[in-house]
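Participant: Input: one structure, supplied below.
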Amino acid sequence: MTESVKIEHPKKNGKAFLYFVLSAVIFLVSSVVSFSVMAEDAYISFRYAENIGSGMGPVFNWGDVRVEGYSNPSWVAILAIFAKFGIDIIIVSRCLGLLFGILTLLELILIVRYCSSGNSSYGFLAAIILATSTPFLFWSQTGLETGLFAYLLILSIRLVILERDQPERVQWSILPIVLLSLTRPE
């Protein structure tokens with residue numbers, strides 16, 4: 001069993017918070033400069049989300065049989081909430097992808113910091129490597145559920161590590177794991 005290190009919120013540790021902000025800015029700038037591509041498959045999710053949001057249910061075309069023709073139920077549900085209020089889900093999907101990318105960087109910093117006995121520099125290095133990774137940059141803003149999936153996965157990992165090292169903790173890891181399975185059920 002590894003030695004337990006108390007995990008603090010990044011704002012309580014100035015250096016970790018600064019590293020998080022720097023990695024998030026690098027990620028956002030790199031994303032905006034590098035890519036403006038929307039994945040073709042995202043439009044399937046958009047269509048279902050718009051139809052669910054408008055009250056037609058999970059159909060691709062009005063009058064069609066209700067069928068789950070998408071592979072990302074939780075992502076479609078999130079987008080349907082925005083569609084219900086008439087918000088452009090193409091823009092929302094990109095913004096959410098970037099938000100989940102930033103949250104993934106935060107979780108990565110926290111995991112590496114915890115596993116390196118509180119050294120924030122290693123977490124920053126890991127976050128910079130991920131923040132400038134072409135696949136991470138690309139898939140975080142294509143309109144698909146990839147950003148949500150990456151975030152839920154790394155959040156689950158961090159919670160499992162904490163629960164392993166501190167068995168008295170509430171077992172919260174089950175929540176992101178269930179959401180993860182609903183994001184990509186296959």
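The values are calculated or read from the model by the stated rules, or taken from the named source; none is laboratory data. These figures come from a predicted structure and were not determined experimentally. Quick reminder, even Gly has a Cβ in these numbers, built from the backbone with ideal geometry, and neighbours come from all protein chains shown. We work out accessible area using only protein heavy atoms, side chains counted, and drop any ligands, DNA or RNA first. Shrake-Rupley method; radii C 1.70, N 1.55, O 1.52, S 1.80 Å.
Participant: Which one of the conditions (1) in contact (Cβ under 8 Å) with a residue 40 or more places away in the chain; (2) over 19 Å from Ser23 (Cα atoms); (3) out of contact with any Gly (no Cβ under 7 Å at 6 or more places or on another chain); (4) of a type outside the set (A, V, I, L, M, F, W, C) does Ser93 fail to meet, given that it meets all the rest?
Facilitator: (3)
Participant: Can you name the residue in the range 3-36 that is at pLDDT below 90 and among the polar types (S, T, N, Q) and, of all such residues, is most open to solvent (accessible area, probe 1.4 Å)?
Facilitator: Ser36
Participant: Right, something else. Please give the number of the condition Thr142 fails out of (1) part of a loop (DSSP other than H, G, I, E, B); (2) open to solvent by 30 Å² or more (accessible area, probe 1.4 Å).
Facilitator: Among (1) part of a loop (DSSP other than H, G, I, E, B); (2) open to solvent by 30 Å² or more (accessible area, probe 1.4 Å), Thr142 violates only (2).
Participant: From the list Tyr122, Tyr151, which one is over 25 Å from Ala39 (Cα atoms) and at pLDDT 90 or above? Steps first, answer last, please.
Facilitator: Numbers: Tyr151 fails: over 25 Å from Ala39 (Cα atoms).
Of the residues listed, the single one that is over 25 Å from Ala39 (Cα atoms) and at pLDDT 90 or above is Tyr122.
Participant: Report whether or not Leu159 is over 12 Å from the mean Cα position of the chain (by Cα), open to solvent by 20 Å² or more (accessible area, probe 1.4 Å) and modelled with pLDDT of 95 or more.
Facilitator: yes
Participant: I would also like to ask the following. What number of residues within the range 67-96 are in a loop (DSSP other than H, G, I, E, B) and over 20 Å from Glu186 (Cα atoms)? Before the answer, list the steps.
Facilitator: Start the filter on the range 67-96 by keeping residues that are in a loop (DSSP other than H, G, I, E, B), which leaves 67-72, 85-88.
Now narrow it down to the ones that are over 20 Å from Glu186 (Cα atoms): 85-88.
Within the range 67-96, residues that are in a loop (DSSP other than H, G, I, E, B) and over 20 Å from Glu186 (Cα atoms) number 4.
Participant: Listed residues Ser120, Ser133; which is small (Gly, Ala, Ser), open to solvent by 30 Å² or more (accessible area, probe 1.4 Å) and either under 30 Å from Ala16 (Cα atoms) or free of Cβ contacts under 8 Å to residues at least 12 places away in the same chain (or both)?
Facilitator: Ser133
Participant: Residues that are over 28 Å from Asp88 (Cα atoms), open to solvent by 30 Å² or more (accessible area, probe 1.4 Å), free of Cβ contacts under 8 Å to residues at least 40 places away in the same chain and of a type in the set (S, T, N, Q): does the range 163-179 have at least one?
Facilitator: Looking for residues that are over 28 Å from Asp88 (Cα atoms), open to solvent by 30 Å² or more (accessible area, probe 1.4 Å), free of Cβ contacts under 8 Å to residues at least 40 places away in the same chain and of a type in the set (S, T, N, Q), one finds at least one in the range 163-179, hence yes.
Participant: Quick one: Leu110 ticks every box in (1) crowded, with 21+ Cβ neighbours inside 10 Å; (2) over 19 Å from the mean Cα position of the chain (by Cα) bar one, so which box is it?
Facilitator: Failed condition: (2).
Participant: Exactly one of (1) closer than 19 Å to Leu137 by Cβ; (2) among the aliphatic types (A, V, I, L, M); (3) at pLDDT below 90 is unmet by Val65. Its number?
Facilitator: Of everything listed in (1) closer than 19 Å to Leu137 by Cβ; (2) among the aliphatic types (A, V, I, L, M); (3) at pLDDT below 90, Val65 misses just condition (1).
Participant: For Ser71, work out the one condition from (1) within 23 Å of Leu179 (Cβ to Cβ); (2) open to solvent by less than 20 Å² (accessible area, probe 1.4 Å); (3) within 17 Å of the chain's Cα centre (by Cα) it doesn't fulfil.
Facilitator: Against the list (1) within 23 Å of Leu179 (Cβ to Cβ); (2) open to solvent by less than 20 Å² (accessible area, probe 1.4 Å); (3) within 17 Å of the chain's Cα centre (by Cα), Ser71 comes up short only on (2).
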